[in-house]
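The values are calculated or read from the model by the stated rules, or taken from the named source; none is laboratory data. Keep in mind that what you see is a predicted model, and the values were worked out from it rather than measured. With ideal geometry, Cβ positions are generated from the backbone for all residues, glycine too; neighbour counts draw on all protein chains shown.
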Amino acid sequence: MTLNENSEVEEVPKKLDVVGVVKSVSSTMSIRRKSNNESVAKRDITIADE
């Protein structure tokens, strides 16, 4: 699954447990939030379930 321009991402004050195999992890990069222009760290993680 990949996020695209039609996707929405929300921050929620809850935790989620995920069971799967990590296939790849990207290097950390810095992005800026639109809401307050704050710089935050981001990385891509690919998880497989089979």
Self-check item: Cβ-Cβ under 7 Å pairs, at least 6 apart or on other chains, region 26-39 side more than 16 Å from VAL9 (Cα to Cα), far side exposed (fewer than 10 other Cβ atoms within 10 Å of the Cβ) and of a type in the set (A, V, I, L, M, F, W, C)
Solution: THR28/ALA41; SER30/ALA41
Quiz item: How many residues are in a loop (DSSP other than H, G, I, E, B) and either at pLDDT below 85 or polar (S, T, N, Q) (or both) when one looks only at region 20-47?
Solution: 6
Quiz item: So, in region 35-50, of the ones that are under 15 Å from VAL18 (Cβ atoms) and acidic (Asp, Glu), which residue ends up nearest to the chain's Cα centre (by Cα)?
Solution: ASP44
